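Colleague: Take a look at this one; I'll ask things after.
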Amino acid sequence: MTPHLQLLIRFSLLMLLAALGFGALASLAFLYPQISNGTLPFYMLRPMHVSSALFWIISGGVSGILVFLPKVFPDARPAPRAERSFVLVWVTTIAVIFGCYFFKKFGGREYWEFPPWLCLPLLAAWGCLMWAYFSGWRKRDKNPPLYVWMWTTGIVAFLLTFLEQNLYQIAWFRSSFLREVTVQWKSNGAMVGAWNQMIYGTSLFLMTRISGDEKIARSRGAFFFYFLGLTNLMFNWGHHIYNLPASSWIRHVSYAISMTEWLILINIIQGFKAKLGQDRKHRHLLSYRFIIAAEYWVLLNLVLALFMSIPAVNRYTHGTHITVAHAMGATIGINTMILLSSLGYVLRIENLEAFWRKKLMRGFAIVQASLLVFWLSLITAGVLKAWRETGLRLGSFDEIMQPVRIVLHVFVLAGFGLLWGMMLIVRAYWHAMKNATARAGSDMVDEVVEKTGAPLLVTENAAG
Amino acid sequence: MRLVLLLLCISCAAYTVFVYTRGDAGGDKAPSPAARAGMDLWQQKNCQSCHQIYGLGGYLGPDLTNVAGKGDAYMRAFIKRGTQRMPDFHLSAPEIDRLCAFLHWVDASGKSKVPVGAVHWTGSYQLQP
């Protein structure tokens with residue numbers, strides 16, 4: 001693994017811990033703003049939390065892609081100089097972003113609160129990534145497996161949604177408040193779809209490698225769900241703005257497209273029994289356990305999302321902590337679990353000594369238990385707020401929030417549990433990374449897979 | 001597969017143009033210079049981290065979509081002094097004017113709360129701009 005990819009992976013793991021650390025502090029600031037306003041106010045901690053979560057997901061996703069792409073196309077690798085430039089510009093810019101937050105310099109919008117000029121180096125970094133990814137494109141298989149389609153879609157879609165995010169700099173887009181909000185949430189919603197394409201593509205890649213069955217990435221069924229996901233990326237973003245009095249057809253289109261995700265839920269339920277057998281077969285693999293966890297969280301969050309996507313239900317849930325439950329349930333339960341599986345696979349956590357395996361599994365168990373309590377407490381808080389605000393129509397904000405804040409104390413405790421569990425996991429990954437870099441510079445066959453009985457991986461040149 | 005992808009991309013591009021040009025339903029007015037400056041200030045002070053507009057933003061404070069309906073004196077009192085939960089941002093009088101102008105512009109765009117009568121049997125609703 002090259003030094004700059006090692007840097008990107010370390011950076012990603014630091015962003016993960018930062019997301020949980022700032023999140024834990026932000027949750028305290030939420031409950032006790034009178035104490036925190038003088039030192040670490042909520043309006044500073046929230047963007048630090050949100051940005052570190054976003055940059056963990058994007059950096060972690062890209063790390064996996066850049067490590068795995070040469071395994072798929074050994075004769076058409078990403079351009080190393082462009083790859084290096086991406087990592088350096090990306091990491092440096094994000095460090096500057098956090099510096100701005102620390103000095104309370106904002107100016108951007110939801111999820112991108114930093115001064116807008118910092119979008120330029122981020123865009124330049126992404127341009128370098130695209131150069132690295134698409135160089136050698138002509139030499140690659142003309143009918144690649146689905147995970148390559150998904151990685152490509154994710155990388156291109158991220159660029160488009162990132163540009164769209166910044167259209168508000170053009171005066172015309174701000175000449176109507178409804179247009180301004182619509183375009184903002186169109187890009188925000190589609191951007192989530194973009195990184196999901198990258199991450200789910202990586203999940204599919206891992207499944208083909210762990211099972212030894214490349215056919216699962218070439219089946220018609222798999223491509224059907226890819227196009228279903230892409231259709232949702234393009235058209236279902238309107239569920240963020242159901243209550244906006246913009247044109248009604250945006251709401252109707254989004255509602256209709258969102259309901260197609262029932263097909264995904266039905267598919268998961270139908271395939272559950274066969275999945276259980278597969279899970280038992282690979283359960284001994286540490287990286288696979290994260291995939292299993294992600295699948296359960298997909299089920300839970302999909303059910304929640306499907307109900308939230310019905311406008312009549314959204315009328316209650318919008319603007320409550322149910323939205324937060326969905327966002328965090330997905331980013332932690334699904335995206336983070338898949339990324340930890342991916343990075344664990346890269347770092348060969350199956351090779352960890354017994355002490356570190358035990359630490360990692362303890363962290364895994366703490367994270368799953370804490371996340372469940374975290375998620376349920378947010379839903380409870382959201383239901384309470386929804387009922388008091390929309391059902392009982394209480395007028396005063398403080399009156400609405402009074403019992404909600406009590407429930408959120410459970411959420412805060414669970415958040416600290418999440419942080420603790422993740423620290424154990426990241427510590428084990430950091431140790432695995434040291435082992436991986438100690439082996440760098442030599443050709444090797446993956447002996448782990450032989451020992452565990454799973455199929456052999458290809459020989460790799462770790463210095464390449 | 002490539003044909004399906006191409007058709008989807010073309011549909012998305014067409015839909016995007018439609019959203020940009022017709023998505024706002026033509027209901028709201030262009031902002032005054034003060035409202036535009038107020039929007040910039042809203043972003044510079046990161047107000048959306050604690051407050052929502054149309055339910056979008058942070059949940060520490062209330063939704064401010066229609067707070068302008070309570071009058072300028074109400075808004076100025078909160079912005080000028082802060083509260084137990086909201087810090088005092090030490091804004092100048094012209095800055096407070098700009099923020100109020102922005103919130104008036106937002107208020108004029110519509111109502112954040114969906115009335116129960118707007119809900120249709122299909123589960124969707126029809127809102128007047």
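Colleague: Considering only the stretch A:240-277, state which residues are more than 22 Å from B:V4 (Cβ to Cβ), part of a helix (DSSP H, G or I) and either of a type in the set (S, T, N, Q) or within 11 Å of chain B (Cβ to nearest Cβ) (or both). Walk me through it before giving the result.
Modeller: First pass over the stretch A:240-277, keeping only residues more than 22 Å from B:V4 (Cβ to Cβ): A:240-252, A:255, A:265, A:268-277.
Applying the additional criterion that residues be part of a helix (DSSP H, G or I) yields A:240-241, A:248-252, A:255, A:265, A:268-270, A:272-277.
If the condition is that a residue be more than 22 Å from B:V4 (Cβ to Cβ), part of a helix (DSSP H, G or I) and either of a type in the set (S, T, N, Q) or within 11 Å of chain B (Cβ to nearest Cβ) (or both), then A:H240, A:I241, A:S248, A:W249, A:I250, A:R251, A:H252, A:Y255, A:Q270 are the ones that fit.
Colleague: Among the residues of the stretch B:90-107 satisfying the criterion of being among the aliphatic types (A, V, I, L, M) and buried (at least 18 other Cβ atoms within 10 Å of the Cβ), which is farthest from B:G61 (Cα to Cα)?
Modeller: Taking the candidates together, the pick is B:A101.
Colleague: Same structure, new question: Please tell me if A:F42 is within 29 Å of A:C119 (Cβ to Cβ) and surrounded by fewer than 22 Cβ atoms within 10 Å (Cβ to Cβ).
Modeller: Details: within 29 Å of A:C119 (Cβ to Cβ): yes; surrounded by fewer than 22 Cβ atoms within 10 Å (Cβ to Cβ): no.
Here the answer is no, as A:F42 does not meet what is asked.
Colleague: Inside the stretch A:89-110, can you point out the residues that are touching a residue at least 40 places away in the same chain (Cβ under 8 Å) and at positive phi?
Modeller: The one that is touching a residue at least 40 places away in the same chain (Cβ under 8 Å) and at positive phi: A:K104.
Colleague: How many residues does the stretch A:235-282 hold that are among the basic types (K, R) and surrounded by 18 or more Cβ atoms within 10 Å (Cβ to Cβ)? Steps first, please.
Modeller: Of the stretch A:235-282, the ones among the basic types (K, R) are A:251, A:273, A:275, A:280-281.
Keeping just the survivors that are surrounded by 18 or more Cβ atoms within 10 Å (Cβ to Cβ) gives A:251.
So the answer is 1.
Colleague: Any idea how many residues of the stretch A:328-384 are buried (at least 24 other Cβ atoms within 10 Å of the Cβ) and more than 22 Å from the chain's Cα centre (by Cα)?
Modeller: 2
Colleague: Would you please name the residue that is nearest to the other protein chains (Cβ to nearest Cβ), looking only at residues in the stretch B:53-77 that are surrounded by fewer than 17 Cβ atoms within 10 Å (Cβ to Cβ) and not aliphatic (A, V, I, L, M)? Break it down stepwise before answering.
Modeller: If we filter the stretch B:53-77 for residues that are surrounded by fewer than 17 Cβ atoms within 10 Å (Cβ to Cβ), which is where we start, we get B:69-74, B:76-77.
If we keep only those that are not aliphatic (A, V, I, L, M) as well, we get B:69-72, B:74, B:76.
Working: B:G69: 13, B:K70: 11, B:G71: 16, B:D72: 19, B:Y74: 13, B:R76: 18 Å.
Among them, the one singled out is B:K70.
Colleague: Hey, another quick one. Of A:P78, A:P70, which residue is touching a strand residue (DSSP E or B) at 6+ places or on another chain (Cβ under 9 Å) and at pLDDT below 95? Steps first, answer last, please.
Modeller: Values: A:P78 fails: touching a strand residue (DSSP E or B) at 6+ places or on another chain (Cβ under 9 Å).
That would be A:P70, the only listed residue that is touching a strand residue (DSSP E or B) at 6+ places or on another chain (Cβ under 9 Å) and at pLDDT below 95.
Colleague: Of the residues A:L163, A:L167, A:L129, A:L178, only one is surrounded by 21 or more Cβ atoms within 10 Å (Cβ to Cβ) and closer than 25 Å to B:D24 by Cβ; which?
Modeller: Values: A:L163 fails: surrounded by 21 or more Cβ atoms within 10 Å (Cβ to Cβ); A:L167 fails: surrounded by 21 or more Cβ atoms within 10 Å (Cβ to Cβ); A:L129 fails: closer than 25 Å to B:D24 by Cβ.
Testing whether each residue is surrounded by 21 or more Cβ atoms within 10 Å (Cβ to Cβ) and closer than 25 Å to B:D24 by Cβ leaves just A:L178.
Colleague: Report, by residue number, each residue of the stretch A:132-154 that is buried (at least 16 other Cβ atoms within 10 Å of the Cβ) and either away from every other protein chain (no Cβ under 13 Å) or over 20 Å from A:Q197 (Cβ atoms) (or both).
Modeller: Residues satisfying the conditions are A:A132, A:Y133, A:F134, A:S135, A:G136, A:Y147, A:W151, A:G154.
Colleague: Within the stretch A:85-112, take every residue that is within 14 Å of chain B (Cβ to nearest Cβ) and among the small types (G, A, S) and give me the one that is surrounded by the fewest Cβ atoms within 10 Å (Cβ to Cβ). Before you say what the answer is, go through the steps one by one.
Modeller: Initially, the stretch A:85-112 is screened for residues within 14 Å of chain B (Cβ to nearest Cβ), giving A:97, A:100-112.
Filter again for among the small types (G, A, S), leaving A:107-108.
Details: A:G107: 18, A:G108: 24.
The residue in question is A:G107.
Colleague: Please enumerate the residues belonging to the stretch A:388-426 that are without any contact (Cβ under 8 Å) to a residue 60 or more places away in the chain, surrounded by fewer than 17 Cβ atoms within 10 Å (Cβ to Cβ) and within 18 Å of A:R315 (Cα to Cα).
Modeller: Correct list: A:L392, A:R393, A:L394, A:G395, A:F397.
Colleague: Which of the residues belonging to the stretch B:13-29 are closer than 20 Å to A:Q165 by Cα and either more than 7 Å from chain A (Cβ to nearest Cβ) or surrounded by fewer than 18 Cβ atoms within 10 Å (Cβ to Cβ) (or both)?
Modeller: Going residue by residue through the stretch B:13-29, those that are closer than 20 Å to A:Q165 by Cα are B:13-24.
Residues satisfying the conditions are B:A13, B:A14, B:Y15, B:T16, B:V17, B:F18, B:Y20, B:T21, B:R22.
Colleague: If A:Y296 satisfies every condition in (1) at the interface with chain B (Cβ under 9 Å from one of its Cβ atoms); (2) assigned to a helix (DSSP H, G or I) but one, which is the exception?
Modeller: Against the list (1) at the interface with chain B (Cβ under 9 Å from one of its Cβ atoms); (2) assigned to a helix (DSSP H, G or I), A:Y296 comes up short only on (1).
Quick grid of which residues meet (1) within 12 Å of chain A (Cβ to nearest Cβ); (2) surrounded by fewer than 19 Cβ atoms within 10 Å (Cβ to Cβ); (3) at pLDDT below 95:
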{"site": "B:H51", "(1), (2), (3)": "yes, no, no"}
{"site": "B:K80", "(1), (2), (3)": "no, yes, yes"}
{"site": "B:D88", "(1), (2), (3)": "yes, yes, yes"}
{"site": "B:S109", "(1), (2), (3)": "yes, no, yes"}
{"site": "B:V116", "(1), (2), (3)": "yes, yes, yes"}
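Colleague: Report yes if A:R209 is among the basic types (K, R) and more than 30 Å from A:R280 (Cβ to Cβ), otherwise no.
Modeller: Numbers: among the basic types (K, R): yes; more than 30 Å from A:R280 (Cβ to Cβ): no.
Judged against the criteria, A:R209 is not a match.
Colleague: Now, a different point. Out of the stretch A:165-215, which residues are within 11 Å of another protein chain (Cβ to nearest Cβ), among the β-branched types (V, I, T) and in contact (Cβ under 8 Å) with a residue 12 or more places away in the chain?
Modeller: A:V181, A:T182, A:V183
Colleague: Suppose we keep only residues that are among the β-branched types (V, I, T) and surrounded by fewer than 19 Cβ atoms within 10 Å (Cβ to Cβ) within the stretch A:1-39. Which one would you say is farthest from the other protein chains (Cβ to nearest Cβ)?
Modeller: This residue is A:T2.
The values are calculated or read from the model by the stated rules, or taken from the named source; none is laboratory data. Every value quoted in this text rests on a predicted model; they were computed, and no experiment measured them. For neighbour counting, all protein chains shown are included, and Cβ atoms are generated from backbone atoms with ideal geometry for every residue, glycine included.
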